[in-house]
Amino acid sequence: MNLILKYIKRKVLLYWIIRVFVLSIFLVIGIVAYFILFPSIIYINSVDIPKFLVKTSAGEYELLNKSTCPIVEINEETSLINVQKTVSSKQLDFIKQFVSSGGEWMPKHCIPQHHTAIIVCYRNRTEQLQTFLYHMHSFLQKQNIHYQIFVIEQTFDAEFNRGKLFNVGYREVTMRSLAGCFIFHDVDLMPENINNIYGCTDCPRHMSTSINVFNYKLPYYNIFGGAIAMTRRQFHDINGFSNIFYGWGGEDDDLFNRVYHRGYRVCRYQSFISRYTMLTHEKEIPNENRMQYLRNGPKRFYTDGVDSVTYNLIKYEQLPLYTRILVKI
């Protein structure tokens, strides 16, 4: 009888050991799958924004005998900026007097902590570009940063390629500018909150997390499109955007994967700071191969990106409100 009881106890013990072991395996698989599908994102509270911002002026103002510019005081009660969706030529002419040729501006009475290049991909949206320029120049001059707007315009020889245009913009700007912060920006997005500092943080930042057409909520957890801020080092480390996403969709999700592949974490400001108004426009034709490209993305991270981008520069001109870079890709 004792032998039978011992045998039963061993069988029960073995059963529970196997069960716990199997459950542990499933738990580990679940945790790994969770972090693959939902990588951790840093959410920066408004009071911590100054701690995360990194100086990107590269010492270019050392000979100026001026004090350092303070950043805009972060205030949760700051009133939102009303986005004017149509702009007159008279309004554009008015702001030209405050902006240097090529769309550049910096404060006169202090040394800015941030030198930012705003890179905008563009084709055939004249009214939206005018609205963008009017809104952004008015907005950015309140932030005490040194900035310049670069519009990368694609010819009509091929389908629109947002990621490749951003890579072109980065290459062209770094050859001519000392900017240390790069903001990759859609032409149809207008920031609403002055606390949304157009400088870079020590983590690649998704700036446009709360957009009016999505009821100021994220469409999905790892979205990384609209407006993105990265330092030179960050963008170089991840090899920029993929060059193969012609048509709509995929390049921003691929960029998110590149960020985590290189050991960075995406960060975001709180939603009330990251508010944007999106101007209405016709939907682009989706890239039917985008999901396949995303699945195969890790195989190309080191060979397909800003280091390998090819293009023909058609025109580089400094206009009153922006620098126009026309390219064939």
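What FRET efficiency comes out for the pair Trp248/Asn65, r = Cβ-Cβ distance, R0 = 51 Å, nearest 0.05? Can you show the working numbers first?
On the way: r = 50 Å, r/R0 = 0.98.
Using R0 = 51 Å, I get an efficiency of 0.55.
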Among 82-95, 207-220, what's the highest-first ranking by average C-beta atoms within 10 angstrom per residue?
207-220, 82-95
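By the scheme Lys and Arg +1, Asp and Glu -1, what is the net charge of all other residues having a beta-carbon under 12 Å from that of Val187? Please report the intermediate quantities before stating the final value.
On the way: positive: Arg123, Arg125, Arg162; negative: Glu127, Glu153, Asp186, Asp188.
Net local charge, Val187 excluded: -1.
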With Cα coordinates, the longest principal axis of the chain makes an angle with the long axis of helix 251-261, in degrees rounded to 10, of 60 degrees
To the nearest 0.05, the calculated FRET efficiency linking Ser88 and Asp307 through their beta-carbon distance, R0 being 45 Å, is 0.60
Regression test value, accessible area per residue of the chain, probe 1.4 Å, units Å², expected 52 Å²
Compute, for Met136, the solvent-accessible surface of its heavy atoms (probe 1.4 Å) with the complete set of protein chains present, and express it in square angstrom to the nearest 10.
0 Å²
Sort 229-237, 305-313, 112-120 by packing, meaning the average of other beta carbons within 10 Å per residue, with the highest value first.
112-120, 229-237, 305-313
Using a 10 Å Cβ count of at most 16 others and DSSP loop calls, identify the longest part of the chain lacking such GluC sites (Glu not before Pro).
160-281
Alpha-carbon spread of the chain, three principal axes, descending order, Å:
101, 47, 39
Run a plain Debye calculation on the stretch 98-192 (Cα atoms as equal point scatterers, no solvent) and give log10 I(q)/I(0) at q = 0.22 Å⁻¹, rounded to two decimals, same order as the q list.
-1.20
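If you roll a 1.4 Å probe over the chain with all protein chains in place, what percent of the accessible area is carbon or sulfur? Intermediate values should be presented prior to the final figure.
Values: 9770 of 17160 Å².
Result for the chain: 57 percent of the exposed heavy-atom area is carbon or sulfur.
Anything over 32 Å Cα to Cα? Flag those among Lys96/Lys315; Lys96/Lys328; Lys90/Lys164; Lys55/Lys164; Lys51/Lys85; Lys85/Lys164, in the order listed.
On the way: Lys96/Lys315 22 Å; Lys96/Lys328 29 Å; Lys90/Lys164 34 Å; Lys55/Lys164 27 Å; Lys51/Lys85 34 Å; Lys85/Lys164 28 Å.
The answer is Lys90/Lys164; Lys51/Lys85.
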In nm, give the distance between the simple-model label positions of His261 and Arg171, each being 7 Å from the Cα along the Cα-to-Cβ direction.
1.9 nm
Starting from a Cα-only point model with no solvent, please compute log10 I(q)/I(0) by Debye for the stretch 153-286 at q = 0.14 1/Å.
-0.64
Run the simple label-point estimate for Glu76 and Glu284 please: 7 Å along Cα→C-beta, distance reported in nm.
3.7 nm
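Among DSSP beta bridges whose residues both lie in the chain, state the antiparallel percentage, nearest 5. Please report the intermediate quantities before stating the final value.
Numbers: 20 of 47 bridges.
Expressed as a percentage, antiparallel bridges in the chain total about 45.
Once the piece of chain linking Lys299 and Asn45 is laid out straight, how much longer is it, given 0.36 nm per residue of separation minus the C-alpha distance between them?
87.9 nm
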Options Gln154, Cys181, Asn124, ranked by Cα towards positive dipole end of the chain, top entry (Cβ charges):
Cys181
Subtracting the Cα-Cα distance of Lys328 and Val54 from 0.36 nm times their residue separation yields 95.2 nm
So what is the relative contact order for the chain, in percent, with contacts set as C-alpha pairs under 8 Å and at least six apart?
23 percent
The stretch 77-156 versus the stretch 173-241: alpha-carbon centroid distance in Å
15 Å
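The values are calculated or read from the model by the stated rules, or taken from the named source; none is laboratory data. On a predicted model such as this, the values are computed, not experimentally measured, just so you know. Quick reminder, even Gly has a Cβ in these numbers, built from the backbone with ideal geometry, and neighbours come from all protein chains shown. Heads up: the accessible areas ignore ligands, DNA and RNA and are worked out on the full protein's heavy atoms, side chains in. Shrake-Rupley method; radii C 1.70, N 1.55, O 1.52, S 1.80 Å.
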